[in-house]
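Contents: one structure, followed by commentary.
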Amino acid sequence: MASLELYSKGANVWIPDPDAVWVSALLLQDYSPGEKHLLLQLSNGKVNYPVASPSDLPPLGNPDILEGENDLTALSFLHEPAVLHNLRVRFLDYSSIYTYCGIVLVAINPYDQLPIYGEEVIDAYSGQDMADMEPHIFSVAEEAYRTMTREEKNQSIIISGESGSGKTVSAKFTMRYFAVVGGAAQQTSVEERVLASNPIMESIGNAKTTRNDNSSRFGKYIEIGFGRKGDIIAANMRTYLLEKSRVVFQASAERNYHIFYQLCASRELPEMRALKLDGPERFRYTSQGGEIHIPGTDDLSDLERTRNAFTILGVQPDQQMELFRILAAVLHLGNVNIQADDRSLAVFSKLLGVEGPQMAHWLCQRRLAVGGEMLVKPMSGQQAVEARDALAKHIYGQLFTWTVQRLNSALRTQGRQSKSFIGVLDIYGFETFDRNSFEQFCINYANEKLQQQFNRHVFHLEQEEYVREELAWSRIEFSDNQQCINLIEGQLGLFDLLDEECRMPKGSDESWVRKLYDQHLTSKPHPHFRKPRMSNSAFIILHFADMVQYECDGFLDKNRDTVFEELINILKASQVHTYYLLNDDELVSQQGNVSSVANGSVRSGKRAREHKLTVGFQFRQSLQMLMDTLNSTTPHYVRCIKPNDLKEPFLFDPRRTVQQLRACGVLETIRISAAGYPSRWTYEEFFSRYRLLLRGSQSQEQAQASCRQTLPELIPDPDQYCFGKTKVFFRAGQVALLERLRAERLRVAAVIIQGRVRGWLARIRYTRICWATVTIQRYCRGALARRLALTLRYTKAALVIQKTYRMVVVRQLFLMIRQATIIIQAFTRGTLERRRYRLLVAEQAAVLLQARVRGWLARQAYRRVRAAVVYMQCCVRRRAARRALLKLKTEARSVERYRELNKGMEVKLMQLQLRADQEGRKSAALRETLHAEREATGAELEALRATIQKLESQKQEKPQPCPVISEREVEERRRAEEKAAQDILQLTQYLHLPHKYTFSLLSLCVFYVFILLCVCAEHVQQAVSQASAALRAELDEERRKYQGLLREFTRLEQRYDNLREMSLLTECTKGHRRTDSTQSLSLEHPSPTLLSPHSLTPLSSSPLPSAFPSPEEVRRVSVTSPSFERKTSVWSSETPMVRECRSGKNKSQKRNVTKLSLSLLTPSFLLVCQLASPSIVCYDLYLVDESCFVRFLESQLRGQRNQREEELEALRWQLSQAISDIRVDSALSLPPGLPASVLFLCVRHADCSGDQTHTRSLCSAAVTAMKAALKTLDSDKLVPLTTDLSVLIRALSNLCIQAYQQLLSITEKRLQNIIVPALLESETIPGLSGSAVKLGTSRKRAGSDPRTVGGDAPTMGLVLRELGALHTALSHQALPPTQMEQAFHQLTYLISASAFNSLLLRKDMCCWSRGMQIRYNVSLLEEWLRSRGLQAGGAVATLEPLIQAVQLLQAGKKSEADAQALVQTCTALSSQQIVKILTLYTPSSDLDERVTLNFIRTVQGLLKGRSDGQPPQLLMDVRRVFPVTFPYLPPPVLHAEQLVIPDSLKISFLRRA
């Protein structure tokens, strides 16, 4: 119990509460020993808390400064309410689901998706110390990984908790962290397989329970093996206690294993139809719980994910279908009712390939051995159902075992042995239900063993800390649960008695319970064993976490796991592969004709009983192996907590949480820590915090001596503290006492300061009052005098104003009257004149109107007279016309007139009929001819098609090398072409004939119809219409045939053109083998202008203008991925261009090609190679004058071939040595571009010899040396280049990109480890954060190495020196400014992102004083960038998020105006980042305050209305790579004699021209 002095007025205490477990109360009066009550203030009023003795005092609350602490063991008071309150604050107020508790990571399931598991978070935690970062599952994984690589010792991560607390998710994130950190950026096959095992095990081992929708119903231990370089090379999985009873029975609102529902959901797939599946509600094994679907899940997509995982692990599709067939058979087995025609039994037998009648027989019968004879005994209906369910459980259990073995075989690697491993244990937590059976008994037994191992490990770490600090310590007593373990597994323990009862012929659950009562209650009472009052078939065990009552029903059957031998024999005869259905022992027994089943007993007489292994015995063996493995490794603990049973996001139920904290051992850790010295401070940190309580020297150097001198005076009891080598240790509550003393000292000092300040203020106020009185009197008297003078002045001014005003008024009246008179006169005169004018206008208008009216009347009279005359004329003419019409009608009706008109028409009709008959016969003849021609054309078409197919088949065959075509073959081909042309011409004529005949026939028919219509339209109309319809139909038919022939003709004509082109191509390539278009280049003679010295550029003399860009173009290469693609190319054989150059026919082309190939290396490539390694020399080529080059070639080609060959050999060796031996310091002292110029002279020297082989060998040696130099810092395999110039450009571009990225990679590696210490931790402003030490932040986790004090910590000066060295090297090599800006843009982004991410994950950095330090460090970097002129490339802009984050730490955070200012200022930060920084903000001193929740809510409300378009992620992507542009800058013209070649290279002979 803490010191009684702390129970003073105003202290916070915790009192029990039935709903909230613990509630906070305020002490209203001091407590004195002997008082029986405490007066407390609660939220709902005052209360008297009874206190019988000092031991009954309520627990004290921790200081406010410790609220929301990362590590529970850093709390001053370590007890249950403090732990519960701290977890609640972090979970609800800060949305932090992870909290440390010594070596344990407490993880609370948020039931929500949080953005804290991305790759940027993995990068932020990778390589960081556990004590420096916010609690996270990645931090535990990183600690295990670093410990393994540093100490070369195996590690284990033990994840436990209730169902639904998030164990499986934590295990998946742990393995994902290892896959990313232990592998490459892109996962290798082993890491991919490790991650692919998760969906498979979730499908066959997870199910929905009342507490969790994805509950793991088995325990697993995954060993991830690592190689010497820390990469994952293998993995292995061990499983424990699969809940096989779930296969045949599910409680209400629960489901069977996910795989069954996934199969039912995919029953409509083609490959699944053979399984005869139906909906899950139709099967007994999937419908008992009543829950068919899980909200938010898709069983069909989950099955596809499972099948993809099987494929990744190497399980073939046919094996997958075998698995699905067995699982479907299990579903059908659940529907079996032994009847005459049982469809489910038939489907089950067909799927497994077994005999249906035999299966039906042995499901209802059993074989007994009586007196050496075998008897068959029928079973009851209940026994048959149990036998059926036992078979189903056996099949599923064997299938589960085979799947695990198959996964392990896929996760092993061949040829590589794991140096060490990290094990991840995902195991069930302590369970207690209303009805507890055999499964809960085994689970709680496993948790007893794990809790014992955990307690001993925590105790061991505490003792190690004391030994390391050389403390005089006594053994810490802790509750060991060895007695409870002995009760379960010891001699005559529960397991022993259970196995003994299973071996009894008539053993039963009741007899076993009676033996337990006799052994552990009557003969030798055990403190952890009890008997329920109201039951004789149950027993109670007092576990470390709780008291659990177990019902004995089913214990024996579950322990035996009985499967009849006859059913096993039927499975052995199955057509399905037996390794799916039988375990290894059964397979061996099948081969040796031995009838025994090791996994559970097989009822087959005495022999089977002697060989059986019970489930309890197997579980004890596997658990002991697990404990041995855990004891041989360094454990790390993760305890998962389920905050509520409603699965609501961020809902905290204190009663459920406390229950789990007691069960998972977190409170035991607190108790062990509280038993020793839980509070630990380094001397420097203690001195910084409590300097005002110490005496003696006030310097940091004398901190330890000052602490040792003063602390005995502050804490009289020496047992409450202890001095170590580097730390001072305190008992629980002593830090709170020191805080109280510190606060009292500060209060006394504040009172003294206030007294002095108030006196000084009073004196200042009195002096000011006296001075103010005199001043006021002086001002009052002056004001009265000025007021009198002003009155006199106002009186005189009033008289002058009155006089002037009166004069102005009279004058204005006179002027107004005069102006009004003038205006009236003017308006009157104007009115009279306008009136007279209007009279004159009216008279003139009347005269004009009369004239117009009289003219109109005259014209109207004329029109009426003319209309009457015209009408009379029309009437007379109409009458005459009617008379003529009557006369004509009379004549037309006479017979004589009709006969005169039709005279001679009969003869004409007969002639026309004869002519029509003749035309019809001709048309029939033409049709026959056309039919014959069609048949002939069809035959020709078939022949042509056959010929075309034959030619195409010959074309597709591989051409023989260098075919020789004789003249006879050429002549035959020509004849074939002529014959084909004649056939096509004849076919064209045939195609035109139907059109001509059709046209003539149509013309004749039209003329014939016209004559008949003219003669007798009424008699021949029907015949003509019929003939027209027939002719029209025939015309349409002919037209369709004509179009078909036309299309066939077009196709044949195209085929003919293709054949002719092939023939011509074959003749043109006689004796020449065709090459790919990408390897053959056609060369043209360059124009004389290309060879002029003034126009000579690296690409201007290229003979391939289409293959390369012009010198003015800028090549842009996107480098958006850290691992860019390198295109593979090899030195190819001689191309036509090379052969032409070697023949010497076109030496100008040869020179151009040489200059082209050598001018492709840019100064940027030279630069990055020289900076990458001491053995790297980069090459930049400068072309010399063309005329000098030509003279040099002409002079060297005369009689010096032998000498050239010798010099080439020496040159090749010297070039290789020069490239590999030159160091960076010597290379940087050389003029820029000298290596490239020397290389060009070497190639020119070799080119003059005319020997293509030697020239190519020299170039190959140069490129190989360049790549070898690059390869010294890059383990990736570099591919050689090719002589194809188009490919050479791409290859050299890739080399430039590689060199650029390698340069950035080297610089980033040098900066990576110093960015955070220099930018965030270094104190560039001395003394700013000297007293800003928060309680508990300096406590290291138990078992960690003590933090080293002193040493050369990285500072901003080191970062600036690294950047300065890089900038100096880049400037010396004349790198283009744009490319230099791009490089520093990338580096500053890395610095900003790394520092910003670390700031968001470190609570100790989020304070005002640290923000001031960071802002100053960033300003140094900004000033350095501006001094080098690098701000134009965006380097300064990348620092904006970090700058705004620091401004957020320094700004005010109280009022709504402050919130609006923050939202307007932090435009580069996302909403999540702003809220995270506000949440992590920690007061740096007593004068500062925490950010209130109301202020955070206000900021969140303002951020909702801001559409800033910021990404939703919390951390910045450190791996982001900006695109880079490589500008083309042609080198200046340089003569050979201008080069300064060092004599050490021994290549001075290159100057000879």
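Here are a few things to note about the model shown:
- Options 763, 786, 740; residue that is closer than 30 Å to residue 470 by Cβ, open to solvent by 60 Å² or more (accessible area, probe 1.4 Å) and in a helix (DSSP H, G or I): 740
- Hits in segment 233-261 - residues which are in contact with a Leu (Cβ under 7 Å, 6 or more places away or on another chain) and either without any contact (Cβ under 8 Å) to a residue 24 or more places away in the chain or of a type in the set (S, T, N, Q) (or both): 236
- Residue check for residue 733: at positive phi, open to solvent by less than 40 Å² (accessible area, probe 1.4 Å) and either touching a Leu at 6+ places or on another chain (Cβ under 6 Å) or touching a residue at least 60 places away in the same chain (Cβ under 8 Å) (or both): yes
- Number of positions in segment 126-157 that are outside any helix (DSSP H, G or I) and over 14 Å from residue 182 (Cα atoms): 15
- Selection from segment 125-140 of residues that are within 21 Å of residue 171 (Cβ to Cβ) and touching a residue at least 60 places away in the same chain (Cβ under 8 Å): 125, 130, 133, 134, 135, 136, 137, 140
- Hits in segment 529-578 (condition: of a type in the set (Gly, Ala, Ser) and without any contact (Cβ under 8 Å) to a residue 40 or more places away in the chain): 535, 537, 538
- Within the option set 1323, 1362, being at pLDDT below 85, touching a helix residue (DSSP H, G or I) at 6+ places or on another chain (Cβ under 7 Å) and among the acidic types (Asp, Glu) holds for one residue only, 1323.
- Options 326, 338: the member that is under 29 Å from residue 384 (Cα atoms) and at pLDDT below 90: 338
So that you can scan it fast, the table gives a plain yes or no per residue for (1) closer than 23 Å to residue 274 by Cα; (2) part of a loop (DSSP other than H, G, I, E, B); (3) free of Cβ contacts under 8 Å to residues at least 12 places away in the same chain; (4) open to solvent by less than 20 Å² (accessible area, probe 1.4 Å):
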{"residue": "302", "(1), (2), (3), (4)": "yes, no, no, no"}
{"residue": "315", "(1), (2), (3), (4)": "yes, yes, no, yes"}
{"residue": "321", "(1), (2), (3), (4)": "yes, no, no, no"}
{"residue": "331", "(1), (2), (3), (4)": "yes, no, no, yes"}
{"residue": "345", "(1), (2), (3), (4)": "yes, no, no, yes"}
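- Restricting attention to segment 375-393 and to residues that are hydrophobic (A, V, I, L, M, F, W, C) and in contact (Cβ under 8 Å) with a residue 60 or more places away in the chain, the residue that is surrounded by the fewest Cβ atoms within 10 Å (Cβ to Cβ) turns out to be 390.
- Scope segment 1404-1421; condition touching a residue at least 12 places away in the same chain (Cβ under 8 Å) and open to solvent by 20 Å² or more (accessible area, probe 1.4 Å); matching residues: 1404, 1408, 1410, 1412, 1415, 1416, 1420
- Test: residue in segment 355-366 that is surrounded by 15 or more Cβ atoms within 10 Å (Cβ to Cβ) and within 27 Å of residue 201 (Cβ to Cβ): no
- Residue match in segment 753-769 (condition: within 60 Å of the chain's Cα centre (by Cα) and not hydrophobic (A, V, I, L, M, F, W, C)): yes
- Scope segment 252-288; condition outside any helix (DSSP H, G or I) and open to solvent by less than 40 Å² (accessible area, probe 1.4 Å); matching residues: 253, 254, 255, 256, 257, 266, 277, 279, 283
- Any hit, segment 173-182, residues being in a helix (DSSP H, G or I), among the small types (Gly, Ala, Ser) and closer than 24 Å to residue 631 by Cα: no
- Answer from 1446, 1463 - the residue that is part of a helix (DSSP H, G or I), open to solvent by less than 10 Å² (accessible area, probe 1.4 Å) and among the β-branched types (Val, Ile, Thr): 1446
- Residue 643 being part of a loop (DSSP other than H, G, I, E, B) and crowded, with 23+ Cβ neighbours inside 10 Å: yes
- Any hit, segment 82-95, residues being free of Cβ contacts under 8 Å to residues at least 40 places away in the same chain, open to solvent by 30 Å² or more (accessible area, probe 1.4 Å) and not basic (Lys, Arg): no
- All positions within segment 5-50 that are aromatic (Phe, Trp, Tyr) and assigned to a strand (DSSP E or B): 14, 22, 49
- Restricting attention to segment 413-472, the residues that are assigned to a helix (DSSP H, G or I) and of a type in the set (A, V, I, L, M, F, W, C) total 11.
- Condition check for residue 534: open to solvent by 20 Å² or more (accessible area, probe 1.4 Å), under 24 Å from residue 561 (Cα atoms) and not polar (S, T, N, Q): no
The values are calculated or read from the model by the stated rules, or taken from the named source; none is laboratory data. Because the structure is a prediction, the values reported are computed rather than measured. Glycine gets a Cβ as well: all are built from the backbone with ideal geometry, and neighbour counts include every protein chain shown. Quick note on the areas: whole protein, heavy atoms, side chains included, nothing else; ligands and nucleic acids left out. Shrake-Rupley method; radii C 1.70, N 1.55, O 1.52, S 1.80 Å.
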